[in-house]
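Worksheet: one structure, shown below.
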Amino acid sequence: MHGSRIVIVGASLAGLRAAEALRAAGHRGHLTLVGAENRPPYDRPPLSKEFLTGERTPESICLGPTAHLGLTERYGHPAVHLDTAGREVHLDDGSVLAYDGLVIATGAGPRPWAGPLPATGVHTMRTLEDARALKEALTGARRHLLVAGAGFIGCEVASAARGLGHDVTLVSGEPLPLSGATGDEAAGFLTRLHHDAGVEILTRSTVTAVHGRTRVTGVTVDNATDITTETALLALGARPHTDWLAGSGLRLERGLLTDEYTRALDAHGRPRPDIVAAGDITRFPHPHAPGPISLGHWSNAVEQARCAAHNLLHPRRPTPYRPVASFWSTQYGVRFRAVGLPRYADHAELRELDHEKRRLEVAYYRRGHLVGALTAGRAARVTAYRSELARSLAGIAPLPASS
Amino acid sequence: MKITVDMSLCESHGQCVFAAPEVFSFDEDDHLVHDAEPDDALRAKVVDAVAVCPVRAIGIEG
Ligand SMILES: Cc1cc2nc3c(=O)[nH]c(=O)nc-3n(C[C@H](O)[C@H](O)[C@H](O)COP(=O)(O)OP(=O)(O)OC[C@H]3O[C@@H](n4cnc5c(N)ncnc54)[C@H](O)[C@@H]3O)c2cc1C
Ligand code: SF4
């Protein structure tokens, strides 16, 4: 594979980090980076935080430089088809890229809204364009923002919008924002932050209609209550970018399924040694979870990309990918850090809760074993949890790497 | 080996602490502290730390 042609589809965090890792590991052959967006890779986490509040600029979120990598960069041209038998990637302009090795890193996008939408005033948050549009809408006079969906992105945008002095209503389908992902203790802490900041929170509620023809005028919640608004953000979760893989014979189930060695699975569940995947598009087995998981976090994209690059270059001695997941979020100046898989816990233990000092520490267990931890304002503690999780994972034998 | 951390960039994400705990740690106020001249034997871990820092705050000199 060292002197051959490798194509990376998806020019964002996972794609770029895969390119860097391939070069660092000695791949001297052709390396092509294909991206649907018409710009070099940039970093997304600031988009819903410092970019909205004006503390970070588009220039400062660039992930490059790429010049030293010797890449053929094809930005603004999405891949539309994958031919795994002929080993070809087809782009929207009709060009065809032949490969010996393929890295799939097309990430995810906002889960789309099923019904009709007004022409303007309704936003999503995934790309720099999305963030620019929302930032513009939130510039100037005090207005009302309705956030549909209280996942991390919805919560972060609510925080940024409050910081800019706007009125915010946050609609959460869960009993508390983020209770599914983090449990009741952490969700309670977080809800209080939003509450204290003056955000109106509707829980166990769903936006069922969005009104307005040219501009958004309001929404209906649970087919019953109308709320007037001037701007709406639909933050309904992520949908993996797998459309272009339809008909490729790869296994698609709410993402691209891989084995424990980052290799894409075919329809029969067999791994393909010439196709690896990394980042938000993937779903993969993990010893601490009951079934395949998708993480959708920054450090997952980085670490999985490195592992995938290694495994593509060394198909005979692949490394298993079994990360200690690690995630952060910043809301109202409070830094949340999570490690492991809190979502898959059957029991959460509250170790510290101090609203005054804005500190929180929760440990998560599954069948009596530590599977994760979440803290606010307690960075030092996370390290200890992380080490314990790493030890626990090291004690579980990986599945054999047979193909 | 000499390393620098641009503290104006560092957001205490702690990814470097995970990658190279011998070199990076947090004090009680969540501020990052680091060994500015770690042993060369730790180079691979420090290179990892540089790669996983979300804000690219860490630099290696020599
Ligand atoms: C607003 C926001 C805030 C976030 N905040 C945090 C945070 O605080 N902490 C954290 O840990 N994580 C955060 N994340 C998650 C993190 O940014 C993602 O995990 C990371 O971007 C995943 O990288 P990726 O390369 O897998 O996918 P993506 O970044 O989604 O990139 C995929 C790329 O592939 C391109 N693409 C799609 N289809 C095709 C195609 N057919 N052909 C070619 N190219 C294609 C897309 O245009 C895109 O550029 C945040 C994400 C968002 C959107
Ligand atoms: S990884 Fe980077 S941002 Fe995080 S603590 Fe280390 S230097 Fe600071």
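The values are calculated or read from the model by the stated rules, or taken from the named source; none is laboratory data. Owing to the predicted nature of the structure, the values given are computational and were not obtained by experimental measurement. FYI the Cβ positions are ideal-geometry reconstructions off the backbone, even for glycines, and counts take in every protein chain you see. When the accessible area is computed, the model is the full protein with side chains, heavy atoms only, and any ligands, DNA or RNA have been set aside. Shrake-Rupley method; radii C 1.70, N 1.55, O 1.52, S 1.80 Å.
Okay, here's what the table says:
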item: Residue list for the stretch A:268-290, restricted to those being small (G, A, S) and buried (at least 23 other Cβ atoms within 10 Å of the Cβ); result: A:A277, A:A278, A:G279
item: Any hit, the stretch A:314-323, residues being within 12 Å of chain B (Cβ to nearest Cβ) and free of Cβ contacts under 8 Å to residues at least 60 places away in the same chain; result: yes
item: Qualifying residue in the stretch A:290-306 (condition: at pLDDT 95 or above and more than 21 Å from the chain's Cα centre (by Cα)); result: no
item: Condition met for A:R317 (open to solvent by 10 Å² or more (accessible area, probe 1.4 Å), more than 26 Å from A:E50 (Cα to Cα) and in contact with a helix residue (DSSP H, G or I) (Cβ under 8 Å, 6 or more places away or on another chain)); result: no
item: When residues of the stretch A:52-101 are limited to those that are within 21 Å of the chain's Cα centre (by Cα) and of a type in the set (A, V, I, L, M, F, W, C), the one farthest from A:T242 (Cα to Cα); result: A:L52
item: Positions within the stretch A:324-350 being among the charged types (D, E, K, R) and free of Cβ contacts under 8 Å to residues at least 24 places away in the same chain, in sequence order; result: A:D346, A:E349
item: Options A:L146, A:L128, A:L134, A:L117; residue that is assigned by TED's automatic domain parsing to the domain that holds A:A187, away from ligand 1 (no atom under 13 Å from the Cβ), at pLDDT 95 or above and under 24 Å from the mean Cα position of the chain (by Cα); result: A:L146
item: Selection status of A:A98, modelled with pLDDT of 95 or more, within 11 Å of ligand 1 (Cβ to nearest atom) and of a type in the set (G, A, S); result: no
item: Those residues of the stretch B:10-48 which are of a type in the set (A, V, I, L, M) and either near ligand 2 (Cβ under 7 Å from one of its atoms) or more than 13 Å from chain A (Cβ to nearest Cβ) (or both), in sequence order; result: B:V17, B:L32, B:A36, B:A41, B:L42, B:V46
item: Hits in the stretch A:350-360 - residues which are over 18 Å from A:G333 (Cβ atoms) and open to solvent by less than 70 Å² (accessible area, probe 1.4 Å); result: A:E352
item: Any hit, the stretch A:365-377, residues being surrounded by fewer than 18 Cβ atoms within 10 Å (Cβ to Cβ), at pLDDT 85 or above and over 19 Å from A:A181 (Cα atoms); result: no
item: Qualifying residue in the stretch B:50-61 (condition: closer than 20 Å to A:R306 by Cβ, within 10 Å of chain A (Cβ to nearest Cβ) and in a strand (DSSP E or B)); result: no
item: Within the stretch A:91-148, tally of residues that are closer than 30 Å to A:R272 by Cα and not in a loop (DSSP other than H, G, I, E, B); result: 11
item: Spans of strands (runs of 3 or more DSSP E) in the stretch A:178-230 with at least 3 residues outside the structural domain of A:A363 (by TED's automatic domain parsing) and open to solvent by less than 40 Å² (accessible area, probe 1.4 Å); result: A:207-211, A:218-221
item: The stretch A:378-403 - residue that is within 13 Å of another protein chain (Cβ to nearest Cβ) and of a type in the set (V, I, T) and, of those, least open to solvent (accessible area, probe 1.4 Å); result: A:V382
item: Scope the stretch A:22-52; condition open to solvent by 20 Å² or more (accessible area, probe 1.4 Å) and within 13 Å of ligand 1 (Cβ to nearest atom); matching residues; result: A:A36, A:E37, A:N38, A:R39, A:P40, A:R44, A:P45, A:K49, A:E50
item: Any hit, the stretch A:329-337, residues being of a type outside the set (F, W, Y), more than 14 Å from chain B (Cβ to nearest Cβ) and open to solvent by 30 Å² or more (accessible area, probe 1.4 Å); result: no
item: Test: residue in the stretch A:363-372 that is over 19 Å from B:F18 (Cβ atoms) and in a loop (DSSP other than H, G, I, E, B); result: yes
item: Whichever residue in the stretch B:16-53 is within 16 Å of ligand 1 (Cβ to nearest atom) and farther than 26 Å from A:K357 by Cα and, among such residues, is surrounded by the fewest Cβ atoms within 10 Å (Cβ to Cβ); result: B:A51
item: Checking B:V52 against (1) near ligand 2 (Cβ under 9 Å from one of its atoms); (2) at pLDDT 90 or above; (3) not acidic (D, E), the condition it does not meet; result: (2)
item: Selection status of A:R306, assigned by TED's automatic domain parsing to the domain that holds A:V276 and open to solvent by 10 Å² or more (accessible area, probe 1.4 Å); result: yes
item: Residues satisfying the stated conditions in the stretch A:13-43, i.e. within 14 Å of chain B (Cβ to nearest Cβ) and away from ligand 2 (no atom under 16 Å from the Cβ); result: A:A14, A:L16, A:A18, A:A19, A:E20, A:A21, A:L22, A:R23, A:A24, A:A25, A:P41, A:Y42
item: Checking B:L9 against (1) out of contact with any helix residue (DSSP H, G or I) (no Cβ under 9 Å at 6 or more places or on another chain); (2) away from ligand 1 (no atom under 16 Å from the Cβ), the condition it does not meet; result: (2)
item: Residues of the stretch A:76-129 satisfying the condition of being among the aromatic types (F, W, Y) and in contact with a Leu (Cβ under 8 Å, 6 or more places away or on another chain); result: A:W113
